[in-house]
1. So which residues in segment 62-76 are surrounded by 18 or more Cβ atoms within 10 Å (Cβ to Cβ), in a loop (DSSP other than H, G, I, E, B) and more than 12 Å from the ligand (Cβ to nearest atom), if there are any at all?
2. Only one of these is in a loop (DSSP other than H, G, I, E, B), under 17 Å from residue 96 (Cα atoms), assigned by TED's automatic domain parsing to the domain that holds residue 238 and touching a strand residue (DSSP E or B) at 6+ places or on another chain (Cβ under 8 Å): 115, 174, 194. Name it.
3. Given (1) surrounded by fewer than 19 Cβ atoms within 10 Å (Cβ to Cβ); (2) within 16 Å of the ligand (Cβ to nearest atom); (3) over 15 Å from the mean Cα position of the chain (by Cα), where does residue 187 come up short, assuming only one miss?
4. For the condition closer than 16 Å to residue 253 by Cα and not in a loop (DSSP other than H, G, I, E, B), what is the one hit in 163, 187?
5. Please list, ordered by first then second residue, the pairs with beta carbon atoms under 9 Å, 6 or more apart or interchain, first in segment 179-191 and free of Cβ contacts under 8 Å to residues at least 60 places away in the same chain, second more than 8 Å from the ligand (Cβ to nearest atom) and outside any helix (DSSP H, G or I).
6. In this structure, is residue 106 in contact with a strand residue (DSSP E or B) (Cβ under 7 Å, 6 or more places away or on another chain), under 24 Å from residue 53 (Cα atoms), within 14 Å of the ligand (Cβ to nearest atom) and outside any loop (DSSP other than H, G, I, E, B)?
Ligand SMILES: C[S@@+](CC[C@H](N)C(=O)[O-])C[C@H]1O[C@@H](n2cnc3c(N)ncnc32)[C@H](O)[C@@H]1O
């Protein structure tokens, strides 16, 4: 039963469309993060949407931002941008030289931060067509290119296209683990960035545990231990709150690439 209603009395409007009224599950109902859901009010009743059904969220302008940023207080794009910006400043490197591959780009929240930072080139990748359409609709002009593709199954022309951008920065925010981006996809994106390039991402803190089944804990540790990733900074912070109000903690990481990830280290 959903009783936790947001925006019922005054539905919010974007330039193009009204954001529907959103209701969250009862606060005493706790669930795994990848099972979370909300209901939205439509003309003919309420419709349930799982948070991980991003395609459904993106088709309604403003819904993703209202749900995750206004109601659930997500601040990950800002946090990852801030840590990257701090490190650039620390070494005296202007953001204007950044050629960024933004993986799991969604509707462009991270792209917007990077553009604000002054990045020279931003290319988005997402597995969903709805994400590319939403980025174009809601943040036109942010991405110089936005590719809908599966990084675990790259065709040679896609590989060549990515290489042609000569990326010197990778961002990946709120997209690792949970059946989203697997280690192979992360490795493909990482390997297309030039050595010395910036790597900025976040990950749920549980996925850095020894028990983590996603493979990221072992992969990141090994990358650092074997000198493929030079850690510059990392910070544990509140990514957002869960539907029951509990804090969800992530770790944001900024480093520089010092070598490619071997294919044998990762899985799809
Ligand atoms: C929580 S959203 C984050 C979007 C954006 N980075 C942000 O911070 O607002 C996760 C995104 O990762 C994308 N994604 C999931 N699996 C993917 C994959 N294998 N390859 C590329 N993108 C993927 C989803 O489609 C979704 O747009």
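The values are calculated or read from the model by the stated rules, or taken from the named source; none is laboratory data. Keep in mind it's a predicted model, so treat the numbers as computed, not measured. Neighbour counts are summed over all protein chains in view; Cβ atoms, including those assigned to glycine, are modelled from backbone coordinates with ideal geometry.
1. 62
2. On the way: 115 fails: in a loop (DSSP other than H, G, I, E, B); 174 fails: under 17 Å from residue 96 (Cα atoms).
194 is the lone residue from the list that is in a loop (DSSP other than H, G, I, E, B), under 17 Å from residue 96 (Cα atoms), assigned by TED's automatic domain parsing to the domain that holds residue 238 and touching a strand residue (DSSP E or B) at 6+ places or on another chain (Cβ under 8 Å).
3. (1)
4. Working: 163 fails: closer than 16 Å to residue 253 by Cα.
Answer to the selection: 187.
5. Matching pairs, first to second residue: 188/154; 188/261; 188/266.
6. Values: in contact with a strand residue (DSSP E or B) (Cβ under 7 Å, 6 or more places away or on another chain): yes; under 24 Å from residue 53 (Cα atoms): yes; within 14 Å of the ligand (Cβ to nearest atom): yes; outside any loop (DSSP other than H, G, I, E, B): no.
Considered against the rule, which asks whether it is in contact with a strand residue (DSSP E or B) (Cβ under 7 Å, 6 or more places away or on another chain), under 24 Å from residue 53 (Cα atoms), within 14 Å of the ligand (Cβ to nearest atom) and outside any loop (DSSP other than H, G, I, E, B), residue 106 comes out as no.
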